[in-house]
Amino acid sequence: MSFFSNIFGKSNIECPRCLGKGHVDWDDIRRLNQELKWAPGKCAYCEGKGAVNSKLAENVSPDDTYLTIDKTQIERDRYKANDEAAMRRAEIQEAHHNYLIKQIVFLYFEADLGPDKIAEFFMIDEASDPKRKEDLVDYILKVVEFKRQ
Ligand SMILES: [Zn+2]
């Protein structure tokens, strides 16, 4: 704790999510068991600073799935302050994501569909978008790989 943080009553600690790097890489993602939920990028826990106020950990766990850099700054701030509506949005996103993973697992392992067909199933109401299909196939393969372990 520095002199200034003592004066202001704040204690800054090394960011427990990115370990002070300011960005989250695959090692961090594996350590925090978020392989199917996160991608590498700027750390949303410390906002890229590498350090956080120790009080943050009382509100939000470092491995919290919802708090990612793709959310708006306003949403991240609300979530860090335990805003009720933001927490509800986090629950909905988590439920939706877990359901998607369950569907992929069922379609691959039980219904015997290949990654291509599964991607087409999820895009059934969408206009053809080869890039989105490719991303979806990559994600499906990641889920399959992860569930095989
Ligand atoms: Zn961080």
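The values are calculated or read from the model by the stated rules, or taken from the named source; none is laboratory data. On a predicted model such as this, the values are computed, not experimentally measured, just so you know. With ideal geometry, Cβ positions are generated from the backbone for all residues, glycine too; neighbour counts draw on all protein chains shown. The area values use the complete protein model at the heavy-atom level, side chains included, leaving out ligands, DNA and RNA. Shrake-Rupley method; radii C 1.70, N 1.55, O 1.52, S 1.80 Å.
Quick notes on this one:
- Cα-Cα over 21 Å, subset of LYS49/LYS71; LYS49/LYS131; LYS49/LYS80: LYS49/LYS131
- Percent accessible area from carbon and sulfur atoms, the chain, protein chains only, probe 1.4 Å: 54
- Size of electric dipole in the chain: Cβ of Lys, Arg +1 and of Asp, Glu -1, about Cα centre, debye, nearest 20: 560
- Taking 0.36 nm per residue of separation and subtracting the Cα-Cα distance, full extension of the segment from ARG88 to ASN59 would add 9.0 nm.
- Measure of compaction for the chain (Cα Rg per 2.2 N^0.38 Å): 1.26
- Base-10 log of normalised Debye intensity for segment 65-149 (one unit scatterer per alpha-carbon) at q = 0.11, 0.20 Å⁻¹: -0.41, -0.94
- By the Stokes-Einstein formula, at 0.692 mPa s and 37 °C, segment 108-147 with its Kirkwood radius over alpha-carbon pairs has D equal to 317 µm²/s.
- Based on protein heavy atoms only, segment 1-148 ends up with 63 Å² per residue of surface accessible to a 1.4 Å probe.
- Largest GNM mean-square fluctuation across GLU126, GLU91, GLU58, computed for the chain with C-alpha springs under 10 Å, falls on GLU126.
- Rounded, prolate or oblate (a/c below 1.5 giving rounded, otherwise prolate when a/b exceeds b/c) for segment 11-89 by Cα gyration tensor: oblate
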